[in-house]
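Heads up: the structure comes next, in structure tokens.
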Amino acid sequence: MSDTFRLLVKNAKQVVMVCTNGEKFLTKDGMRNLAIHENASVVVGHNGLIEAVGPADSIESQFKKAVFDQVLDATGMCVLPGLVDAHTHPVWAGDRVHEFAMKLAGATYMQVHEAGGGIHFTVGHTRATDPETLLQSLKGRLERMLRAGTTLVECKSGYGLELETELKMLNVIDAARKTLPIGITSTYCGAHAVARGKTMEEATEDILSVQLPAIQKQISAGDLQVDNIDVFCEKGVFDLDSTCQILQAGKDMGLNINFHGDELHPMNSAQLGAKLGALAISHLEEVTDEGIAAMARAKTCAILLPTTAYILRLPCPRARDMLDAGVIVSLGSDFNPNAYCCSMPIVMHLACVTLKMSMPEALAAATINAAYALNRSQSHGSLEPGKQGDLLIINAPRWEHLIYQFGSHQELVRFVIIKGNVVYENDKVMDL
Ligand SMILES: N=CN[C@@H](CCC(=O)O)C(=O)O
Ligand SMILES: [Zn+2]
């Protein structure tokens with residue numbers, strides 16, 4: 001064993017490992033009984049991977065002769081895995097604060113969309129904005145997420161709806177991935193809406209015969225990384241048949257299927273996703289019992305987005321029914337111009353209060369299960385030796401304060417660490 005290491009975090013009041021046996025996801029009791037060490041330490045090696053986690057005294061004797069680049073004394077504080085945000089739309093121009101006012105006054109999401117607002121408003125502004133401007137705003141948003149404890153985030157395209165802008169967005173995401181410490185997984189969402197002037201059939205054909213082949217070409221040339229494919233499967237957007245064709249074409253290219261389903265109407269998206277071997281389906285406010293059973297059987301992860309139901313005053317997704325049926329449940333912020341939330345601690349709080357999840361269930365959903373939804377649970381989502389050293393240190397004597405202190409992550413988060421490097425340090429934490 002090498003005698004030099006990148007980081008020692010010592011004497012934490014609690015270290016929440018989440019799980020300890022290389023589980024790729026947690027369900028049922030596994031989500032309720034998280035692995036937690038009291039008075040513990042964590043060591044990260046120069047390769048950025050976790051070397052050891054355990055009781056502070058045994059880590060101290062095991063690493064007595066070791067030299068660390070950095071030592072953080074976490075006395076009185078708690079260590080958690082970096083949070084994973086499984087669903088965001090962070091590349092766009094033109095905010096929609098005016099639409100928030102319309103929705104508060106009673107307009108529904110689809111009324112705004114059909115009147116040419118919503119996604120169409122953002123498409124107009126995003127098409128007209130140059131890549132550098134989009135990249136700068138994306139960086140600012142990802143930094144806000146990082147300061148709230150997110151260390152791995154899914155980022156979608158989908159405000160182009162034609163080849164040029166979809167590629168611009170995917171390349172902007174790729175540029176952020178190469179330059180920022182936060183982990184990024186990239187999703188092609190060219191089927192986020194039917195572009196103005198096109199029918200659904202024409203939009204589907206454009207995706208299948210123009211957009212996907214061009215994206216494939218850039219991927220094959222090594223010029224672009226794309227990990228997932230997404231479709232907004234919804235009444236008045238893409239129907240089940242178009243969704244199926246697009247997702248299957250993406251899967252044939254090697255992309256993971258991870259799509260929007262059963263949000264505003266029951267579409268049988270869950271059954272379709274299970275049949276296609278989807279890794280994850282988001283929203284699911286209108287999922288049926290059959291859909292829940294199909295997802296549990298297929299190990300298709302549910303990405304629940306409590307901010308959306310909250311902002312749009314929708315019925316909440318049936319988290320308890322999904323959890324009881326053994327569905328792998330994860331969480332995402334759904335950051336987008338409709339749901340402007342960068343904070344997974346707020347998302348976990350909403351999941352507990354509005355979706356009736358327990359705090360351990362919410363944390364499992366925002367760590368190991370969100371990593372599963374992004375096909376990254378072999379390296380992310382828990383503090384186990386051999387996984388990436390992504391951690392969050394909060395100034396509180398129990399980890400649950402991160403959820404309980406609603407909207408207080410700015411005062412609670414002391415350090416955010418990625419691959420054993422401190423990427424955010426907050427010296428303004430307060431004892432509350
Ligand atoms: N439902 C579709 N897509 C987004 C909203 C995007 C937007 O309104 O710009 C969502 O996940 O909530
Ligand atoms: Zn979305």
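For region 28-53: of the residues being open to solvent by 40 Å² or more (accessible area, probe 1.4 Å) and not charged (D, E, K, R), which is nearest to Cys352 (Cα to Cα)? Can you show your working first?
To start, the set of residues in region 28-53 that are open to solvent by 40 Å² or more (accessible area, probe 1.4 Å) comprises 28-29, 32-33, 36-39, 46-47, 49, 51.
From what is left, the residues that are not charged (D, E, K, R) are 33, 36-37, 39, 46-47, 49.
Numbers: Asn33: 16, Ile36: 20, His37: 23, Asn39: 27, His46: 37, Asn47: 36, Leu49: 31 Å.
Restricting to residues being open to solvent by 40 Å² or more (accessible area, probe 1.4 Å) and not charged (D, E, K, R), the top hit is Asn33.
I'd like to check something: does region 311-322 contain any residue that is acidic (Asp, Glu) and either under 29 Å from Leu412 (Cα atoms) or within 14 Å of ligand 2 (Cβ to nearest atom) (or both)? Please lay out each step first, then the result.
The initial filter retains those residues of region 311-322 that are acidic (Asp, Glu), namely 321.
Still in the running and either under 29 Å from Leu412 (Cα atoms) or within 14 Å of ligand 2 (Cβ to nearest atom) (or both): none.
No: region 311-322 contains no residue that is acidic (Asp, Glu) and either under 29 Å from Leu412 (Cα atoms) or within 14 Å of ligand 2 (Cβ to nearest atom) (or both).
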Test each condition in (1) among the hydroxyl-bearing types (Ser, Thr, Tyr); (2) within 24 Å of Phe238 (Cβ to Cβ); (3) away from ligand 2 (no atom under 16 Å from the Cβ); (4) in contact (Cβ under 8 Å) with a residue 40 or more places away in the chain for Ser358 and report the one that comes out false. (2)
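One line per residue, one yes/no per condition, for (1) basic (Lys, Arg); (2) at pLDDT below 95; (3) within 16 Å of Lys28 (Cα to Cα); (4) open to solvent by 30 Å² or more (accessible area, probe 1.4 Å):
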site	(1), (2), (3), (4)
Arg320	yes, no, yes, yes
Asp324	no, no, yes, yes
Ile328	no, no, yes, no
Phe335	no, no, no, no
Ser343	no, no, no, no
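Picking from Val353, Val347, which residue would you name as being farther than 14 Å from Gly183 by Cβ and open to solvent by less than 20 Å² (accessible area, probe 1.4 Å)?
So the residue among Val353, Val347 that is farther than 14 Å from Gly183 by Cβ and open to solvent by less than 20 Å² (accessible area, probe 1.4 Å) is Val347.
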Quick count over region 380-404, residues being open to solvent by 30 Å² or more (accessible area, probe 1.4 Å), of a type outside the set (D, E, K, R) and without any contact (Cβ under 8 Å) to a residue 60 or more places away in the chain, is 1
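Restricting the search to region 297-318, which residues are assigned to a helix (DSSP H, G or I) and away from ligand 1 (no atom under 16 Å from the Cβ)? Give the steps one after another, and end with the answer.
First, pick out the residues of region 297-318 that are assigned to a helix (DSSP H, G or I): 297-298, 306-312.
Residues satisfying the conditions are Arg297, Ala298.
Quick one: would you say Thr4 is out of contact with any helix residue (DSSP H, G or I) (no Cβ under 8 Å at 6 or more places or on another chain) and surrounded by 14 or more Cβ atoms within 10 Å (Cβ to Cβ)? Break it down into steps so the answer makes sense when it comes.
On the way: out of contact with any helix residue (DSSP H, G or I) (no Cβ under 8 Å at 6 or more places or on another chain): yes; surrounded by 14 or more Cβ atoms within 10 Å (Cβ to Cβ): no.
No; evaluated as a whole, the condition is false for this residue.
Looking only at region 345-360, decide whether some residue is assigned by TED's automatic domain parsing to the domain that holds Leu8, among the small types (Gly, Ala, Ser) and farther than 13 Å from Val84 by Cα.
The initial filter retains those residues of region 345-360 that are assigned by TED's automatic domain parsing to the domain that holds Leu8, namely none.
No: region 345-360 contains no residue that is assigned by TED's automatic domain parsing to the domain that holds Leu8, among the small types (Gly, Ala, Ser) and farther than 13 Å from Val84 by Cα.
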Please report, ordered by residue number, the helices (runs of 4 or more DSSP H) entirely within region 85-204 with at least 1 residues that are closer than 18 Å to Leu224 by Cα, out of contact with any Leu (no Cβ under 8 Å at 6 or more places or on another chain) and open to solvent by less than 10 Å² (accessible area, probe 1.4 Å). 131-147, 163-179
Might you check whether a residue that is more than 27 Å from Gly183 (Cα to Cα), within 23 Å of the chain's Cα centre (by Cα) and at pLDDT 95 or above occurs anywhere in region 55-77? no
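Do you know which of the residues in region 36-80 that are in a loop (DSSP other than H, G, I, E, B) and among the hydrophobic types (A, V, I, L, M, F, W, C) is nearest to Arg6 (Cα to Cα)?
Here is the first cut: in region 36-80, the residues in a loop (DSSP other than H, G, I, E, B) are 45-48, 63-66, 74-77.
Within this subset, residues satisfying the condition of being among the hydrophobic types (A, V, I, L, M, F, W, C) are 63, 66, 74, 77.
Working: Phe63: 13, Ala66: 10, Ala74: 16, Met77: 20 Å.
Among them, the one singled out is Ala66.
The values are calculated or read from the model by the stated rules, or taken from the named source; none is laboratory data. If you're wondering where the values come from, they're calculated on a predicted model, not measured in any experiment. Quick reminder, even Gly has a Cβ in these numbers, built from the backbone with ideal geometry, and neighbours come from all protein chains shown. For the accessible areas, the whole protein counts, side chains as well, though only heavy atoms, and no ligand, DNA or RNA atoms are used. Shrake-Rupley method; radii C 1.70, N 1.55, O 1.52, S 1.80 Å.
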